[in-house]
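Just below is one structure, and these are the notes that go with it.
The values are calculated or read from the model by the stated rules, or taken from the named source; none is laboratory data. It should be emphasised that the depicted structure is a prediction, and the values quoted were computed from it without experimental measurement. FYI the Cβ positions are ideal-geometry reconstructions off the backbone, even for glycines, and counts take in every protein chain you see.
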Number of protein chains: 2
Amino acid sequence: MTPQLRQHIATLVPGIAIAEEALAPFFQTRSVKKGALLLSEGAPCNEIYFVNSGCLYLFYEHEGQGEVIHFALEHWWLTDYKTFADNKPAVFAIAAMEDSEITYLSRSAYDALLLQFPLMAVYFNKIHERAYGAALFKQKTFGTMTREDFYRYFSNTYPHLIRRIPAPLLASYIGISTEALKELQAKTLS
Amino acid sequence: MTPQLRQHIATLVPGIAIAEEALAPFFQTRSVKKGALLLSEGAPCNEIYFVNSGCLYLFYEHEGQGEVIHFALEHWWLTDYKTFADNKPAVFAIAAMEDSEITYLSRSAYDALLLQFPLMAVYFNKIHERAYGAALFKQKTFGTMTREDFYRYFSNTYPHLIRRIPAPLLASYIGISTEALKELQAKTLS
């Protein structure tokens with residue numbers, strides 16, 4: 001476990017009283033380089049990642065291009081939830097946008113952790129209900145906003161993130177070409 | 001509690017040993033008529049619903065039309081997760097597609113239930129990680145399939161659901177006009 005994860009658990013489940021020595025054996029931590037692939041489409045998805053520092057992103061390949069659908073900054077969890085739950089070949093890939101330090105759980109460690117320390121399920125349930133809410137809300141913002149308005153909304157909501165994302169990844173997330181994004185950014189700055 | 005909910009909990013958390021008398025006071029059950037509005041956009045979202053029978057759907061209004069983004073059949077939970085978590089005005093509305101029987105928890109009952117019986121958080125966490133995975137995967141299917149292919153995929157994946165959904169709601173969910181849906185259905189049948 002890392003100080004970042006300890007802090008995050010304490011924030012979401014105030015007063016949680018599980019000795020860190022009891023939790024520590026479930027978690028592992030490693031560093032990954034910018035551009036490293038943590039999960040490939042079609043591979044077994046057996047891990048769930050917590051970002052201590054850096055940023056991961058979730059994407060799929062379509063017509064030779066990587067299409068980004070989610071970024072996970074510091075204190076966010078990420079996996080291919082569709083297949084982490086079902087133990088099927090991954091439908092998404094995960095890569096590091098920056099040099100990152102991640103703490104992770106294997107599927108078996110995750111299942112054992114939740115059953116042995118169900119208060120940790122209170123923690124994960126909070127994370128997942130919020131993430132689910134955000135994914136549903138993104139469908140509404142995508143359905144009701146022009147790409148230009150969505151760019152502005154995303155920039156205003158995540159100002160720290162927007163400065164860190166390379167243009168091709170941000171353009172893919174917004175659903176426009178890199179050239180169109182650069183025009184939008186120039187327009188917004190002027 | 002209802003037999004349907006008891007059964008669903010036992011399926012997702014096998015061996016869970018919480019006396020039903022301890023859980024029952026948290027839950028309430030009521031019947032709602034087809035077309036009834038359980039939540040309006042902008043209203044406080046204070047309840048989470050389990051469908052014992054019937055079907056609920058999640059939607060928003062855009063340019064005078066209801067845009068459907070999710071259906072909840074028997075044994076599914078539904079709320080406006082974006083605001084149920086944050087206690088802000090709802091960004092979605094919820095209505096009954098059919099006469100339905102629902103079991104529900106208030107936000108305060110839900111929070112109390114999870115802290116007093118954290119094994120129930122194991123149950124809800126499973127539901128929410130799967131629902132989140134499905135919402136992310138829908139972004140991929142929407143991004144990679146024609147509306148026609150998405151209709152076929154959805155029909156094949158949820159054959160029982162597709163027969164129950166009125167054409168205007170299904171057309172909205174797929175992102176086409178009701179007329180285009182009817183043409184598609186005729187083409188598929190021929």
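Please count how many residues of the range A:108-135 are surrounded by fewer than 21 Cβ atoms within 10 Å (Cβ to Cβ), facing another protein chain (nearest Cβ under 7 Å) and touching a residue at least 40 places away in the same chain (Cβ under 8 Å).
Total meeting the criteria: 1.
Is the range B:76-94 home to any residue that is crowded, with 22+ Cβ neighbours inside 10 Å, among the small types (Gly, Ala, Ser) and in contact with a Leu (Cβ under 9 Å, 6 or more places away or on another chain)?
Scanning the range B:76-94, I find no residue that is crowded, with 22+ Cβ neighbours inside 10 Å, among the small types (Gly, Ala, Ser) and in contact with a Leu (Cβ under 9 Å, 6 or more places away or on another chain), so the answer is no.
Please verify whether A:HIS70 is within 21 Å of A:GLY133 (Cβ to Cβ) and surrounded by fewer than 21 Cβ atoms within 10 Å (Cβ to Cβ), treating the condition exactly as stated.
Numbers: within 21 Å of A:GLY133 (Cβ to Cβ): yes; surrounded by fewer than 21 Cβ atoms within 10 Å (Cβ to Cβ): yes.
Spelling it out, A:HIS70 is indeed within 21 Å of A:GLY133 (Cβ to Cβ) and surrounded by fewer than 21 Cβ atoms within 10 Å (Cβ to Cβ).
Filter the range B:109-153 down to residues that are within 22 Å of A:MET120 (Cβ to Cβ) and part of a helix (DSSP H, G or I), then give me how many there are. It would help to see each step written out before you state the result.
So in the range B:109-153, the residues within 22 Å of A:MET120 (Cβ to Cβ) come out as B:109-133.
In the following step, the residues that additionally are part of a helix (DSSP H, G or I) were identified as B:109-116, B:119-133.
Of the residues in that region, 23 qualify.
With the requirement that a residue be modelled with pLDDT of 95 or more, among the β-branched types (Val, Ile, Thr) and more than 26 Å from A:ASN87 (Cβ to Cβ), what does the range B:107-151 give you?
none
Does the range A:165-183 include one or more residues that are out of contact with any Cys (no Cβ under 7 Å at 6 or more places or on another chain), closer than 25 Å to B:LEU115 by Cα, within 13 Å of another protein chain (Cβ to nearest Cβ) and at pLDDT 90 or above? Let's see the steps before the verdict.
So the first thing to find is which residues in the range A:165-183 are out of contact with any Cys (no Cβ under 7 Å at 6 or more places or on another chain), and the list is A:165-183.
Now narrow it down to the ones that are closer than 25 Å to B:LEU115 by Cα: none.
Checking the range A:165-183: not a single residue is out of contact with any Cys (no Cβ under 7 Å at 6 or more places or on another chain), closer than 25 Å to B:LEU115 by Cα, within 13 Å of another protein chain (Cβ to nearest Cβ) and at pLDDT 90 or above.
Which members of the range B:31-41 meet the condition of being within 11 Å of another protein chain (Cβ to nearest Cβ) and exposed (fewer than 14 other Cβ atoms within 10 Å of the Cβ)?
Here is the first cut: in the range B:31-41, the residues within 11 Å of another protein chain (Cβ to nearest Cβ) are B:41.
The answer is none; no residue qualifies.
What number of residues in the range A:91-107 are within 12 Å of chain B (Cβ to nearest Cβ) and either touching a Gly at 6+ places or on another chain (Cβ under 6 Å) or closer than 20 Å to A:ALA24 by Cα (or both)?
Going through the range A:91-107 one residue at a time, the tally reaches 1.
Restricting attention to the range B:42-66, which residues are closer than 18 Å to B:ILE162 by Cβ and within 13 Å of chain A (Cβ to nearest Cβ)?
B:TYR57, B:LEU58, B:PHE59
Filter the range B:118-159 down to residues that are under 16 Å from the mean Cα position of the chain (by Cα), among the basic types (Lys, Arg) and farther than 17 Å from B:HIS70 by Cβ, then give me how many there are.
So the count comes out to 1.
Could you please find all residues in the range A:64-106 being polar (S, T, N, Q) and at pLDDT 95 or above?
If we filter the range A:64-106 for residues that are polar (S, T, N, Q), which is where we start, we get A:65, A:79, A:83, A:87, A:100, A:103, A:106.
Hits for the range A:64-106 are A:THR79, A:THR83, A:SER100, A:THR103, A:SER106.
When you go through B:PHE84, B:PHE71, B:PHE59 one by one, which is the residue that is without any contact (Cβ under 8 Å) to a residue 40 or more places away in the chain, under 28 Å from A:VAL68 (Cβ atoms) and under 16 Å from the mean Cα position of the chain (by Cα)? Outline the logic, then answer.
Numbers: B:PHE71 fails: without any contact (Cβ under 8 Å) to a residue 40 or more places away in the chain; B:PHE59 fails: without any contact (Cβ under 8 Å) to a residue 40 or more places away in the chain.
None of the others qualify; the one that does is B:PHE84.
Mind listing whichever residues of the range A:136-168 are crowded, with 19+ Cβ neighbours inside 10 Å and touching a residue at least 60 places away in the same chain (Cβ under 8 Å)?
A:ILE165
How many residues does the range A:67-85 hold that are facing chain B (nearest Cβ under 8 Å) and of a type outside the set (Lys, Arg)? Quick ask: steps written out before the conclusion?
Residues of the range A:67-85 facing chain B (nearest Cβ under 8 Å): A:67, A:69-70, A:80-85.
Right, trim to of a type outside the set (Lys, Arg) and you get A:67, A:69-70, A:80-81, A:83-85.
Qualifying residue count for the region: 8.
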